[in-house]
Amino acid sequence: MPRFLPVGKGVKGPAGFLLAAIPALGAVLTGLAITGTLVGRMARDHPLATYGAFGLAVLAIFAGALAAFALRNGSTAEMAAVYSGLGLVVASLLFGVYAGVQTWGDRAQPSITLTPKAGKTVAVTVRGNGLRSSDHIVVEVEQLVRAPADTGRLTWKPGQPLYGASLGPDGDGRIQYTVEIPIPAGDYDDLGARAWVGDEPRPCYARGNTTGCVRVHVPRPRERPQLAVSWETFVRAPRLLVHLAAKNLPQRPPRWMTLRVYGIAADRTRRTLAEWELAPSADGEFDRRLPVVVGHAFTDVCVVASTSTSEPECPAPADDGTVWSQLAVPVV
């Protein structure tokens, strides 16, 4: 079966020539590689030119049918219909070639995804296609912090950069790249990533024409201080071992850890045996082991740790940032 139906077969004169030009239009577009897949992209990305090409081709068919079957052979009206139809064919071809060439030259926006992984890492995947050999996709991953905008409303602002790369396409103009990066500790709960081609656009959390961007929430709940105390009784004087730990302590403003150990005598009077003001690490973590010699002058000890106050009581009232423990002094 032939690829194109012989629409003008058996029709003589100028009208037959016009009808025969319709399959020729399809042959030209096919020769330019404007096939089904490309037509779909043309209709999506350049709808006016695409609809114009096919609409004018339909009008050209009607003009050919009118000249062939409705008008007298050799009449002025037939010639006008034929010339009009040929003009429509040429215009359809021009619109189709324009839409096809523009579609070939379209540069797809890059896409980027962030996937949190176990072990405090995040996977960054970048995809792009339709790139020229000289194009590069620039990738940036950064911390996001909440900050007031000019209008006074809270918005996302870029913080410390965590990763950057410039990626080139393969021989088919495509990029597919994945990398895992560690998530550093800090006083933030969101990560932002963006990828773009060409000049750096505005932050992708607003708008950008050739920018792919994504924001992912990395929940890092603050941990209340963890306090554990135990006795060493194999020494002459009872000695208290204090283990104090916490994670994800805020850094803005910085939080200090206040630790106090009180000795309580039999008459319920108390004396401060030890006191510390301790700072967390740069990662917002805290893990200390401290020994305290108590002796035999006290019947009980009370240990309190707090990130919310520098003057904690022991026993302490209910407080999200304060923990305490009271123990009897062992008889050695």
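Here are the numbers for the structure shown:
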| quantity | calculated |
| --- | --- |
| Test: residue in segment 119-132 that is open to solvent by less than 50 Å² (accessible area, probe 1.4 Å), modelled with pLDDT under 75 and out of contact with any strand residue (DSSP E or B) (no Cβ under 9 Å at 6 or more places or on another chain) | yes |
| Residue in segment 256-276 that is at pLDDT below 85, assigned to a loop (DSSP other than H, G, I, E, B) and surrounded by 14 or more Cβ atoms within 10 Å (Cβ to Cβ) present | yes |
| Any hit, segment 163-182, residues being open to solvent by less than 80 Å² (accessible area, probe 1.4 Å), over 22 Å from Pro201 (Cα atoms), assigned to a loop (DSSP other than H, G, I, E, B) and touching a residue at least 60 places away in the same chain (Cβ under 8 Å) | no |
| Tally, over segment 66-94, of residues that are more than 28 Å from Met42 (Cβ to Cβ) and either polar (S, T, N, Q) or open to solvent by less than 40 Å² (accessible area, probe 1.4 Å) (or both) | 8 |
| Any hit, segment 223-236, residues being part of a loop (DSSP other than H, G, I, E, B), open to solvent by less than 30 Å² (accessible area, probe 1.4 Å), modelled with pLDDT under 75 and not acidic (Asp, Glu) | no |
| Close pairs from segment 293-314: first more than 24 Å from Pro280 (Cα to Cα) and of a type in the set (Ser, Thr, Tyr), partner open to solvent by less than 30 Å² (accessible area, probe 1.4 Å) and part of a strand (DSSP E or B), Cβ under 7 Å, at least 6 apart | Thr299/Ile264 |
| Residues (closer than 13 Å to Arg270 by Cβ, part of a loop (DSSP other than H, G, I, E, B) and among the hydrophobic types (A, V, I, L, M, F, W, C)) located in segment 302-328 | Cys314 |
| Filter result for Ser310 (among the polar types (S, T, N, Q), more than 14 Å from Gln226 (Cβ to Cβ) and in contact with a strand residue (DSSP E or B) (Cβ under 7 Å, 6 or more places away or on another chain)) | yes |
| Enumeration of residues in segment 86-96 that are touching a residue at least 60 places away in the same chain (Cβ under 8 Å) and over 13 Å from Leu48 (Cα atoms) | Leu86, Val89, Leu93 |
| Within segment 133-149, tally of residues that are in contact (Cβ under 8 Å) with a residue 60 or more places away in the chain and crowded, with 20+ Cβ neighbours inside 10 Å | 2 |
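The values are calculated or read from the model by the stated rules, or taken from the named source; none is laboratory data. Treat the numbers as computed from the prediction; the structure is a model and nothing was measured. Every residue, glycine among them, receives a Cβ derived from its backbone with ideal geometry; neighbour counts consider all protein chains shown. These accessible areas exclude ligands, DNA and RNA; they are computed on the full protein's heavy atoms, side chains included. Shrake-Rupley method; radii C 1.70, N 1.55, O 1.52, S 1.80 Å.
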